[in-house]
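Asker: The structure under discussion is supplied below as structure tokens; questions concerning it will follow.
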Amino acid sequence: MECLAQRIVHTVLRKPRVKVGAEMTAIQVAGHSVESPLAVVGEYAKDHARTLREYDFATADCPPNEVYMQEVKRTRVIASRISNEQGDAMIRMLADASWSGVPESAHLDQADPAERGKLYDQMLRLYMPCSTSRV
């Protein structure tokens, strides 16, 4: 089932002349009032259509807990400057990563940095595989 954001984006991308300034209740985002959130989403979709198609809503080319070079190259649409050589190095490093230490259902807000040897440290090992200790 498509989420609302995907439906909005697909509508805007298929019909670039669609007006998306429908009246909506203002929302608060990071302490700022957004008066017309649907218009903001619509403008983002028009301005960043390639990013949405090729990065945000692209079908994953690899199964969970694996990384392929195509996934690395896909980040270039959001202006990453990861070279093929760097991508190959990342893939080699991630091949040895301790994926099993972090359950698929884990969320960052569950990781308490004060609990040594628990979820935070396991996530940190995935994020910084070359690091042997944390500051």
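This table checks each residue for (1) modelled with pLDDT under 85; (2) within 30 Å of residue 91 (Cβ to Cβ).
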| position | (1), (2) |
| --- | --- |
| 1 | yes, no |
| 8 | yes, no |
| 18 | yes, no |
| 30 | no, no |
| 44 | no, no |
| 56 | no, yes |
| 60 | yes, yes |
| 66 | yes, yes |
| 75 | no, yes |
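Asker: Another question about this same structure. Condition check: out of contact with any helix residue (DSSP H, G or I) (no Cβ under 8 Å at 6 or more places or on another chain), modelled with pLDDT of 80 or more, among the β-branched types (Val, Ile, Thr) and farther than 26 Å from residue 121 by Cα. Does residue 40 satisfy that?
Answerer: Numbers: out of contact with any helix residue (DSSP H, G or I) (no Cβ under 8 Å at 6 or more places or on another chain): yes; modelled with pLDDT of 80 or more: yes; among the β-branched types (Val, Ile, Thr): yes; farther than 26 Å from residue 121 by Cα: yes.
It is true that residue 40 is out of contact with any helix residue (DSSP H, G or I) (no Cβ under 8 Å at 6 or more places or on another chain), modelled with pLDDT of 80 or more, among the β-branched types (Val, Ile, Thr) and farther than 26 Å from residue 121 by Cα.
Asker: Just checking, does the range 72-87 include any residue being more than 17 Å from the chain's Cα centre (by Cα), outside any helix (DSSP H, G or I) and not aliphatic (A, V, I, L, M)? Full working, then the answer.
Answerer: Residues of the range 72-87 that are more than 17 Å from the chain's Cα centre (by Cα), as a first pass: 83-87.
So of that shortlist, the ones also outside any helix (DSSP H, G or I) come out as 83.
Remaining after also requiring not aliphatic (A, V, I, L, M): 83.
Yes, that holds for at least one residue.
The values are calculated or read from the model by the stated rules, or taken from the named source; none is laboratory data. Source: prediction; values computed, not measured. No Cβ is skipped: glycine too gets one built from the backbone with ideal geometry, and neighbour counts run over all protein chains shown.
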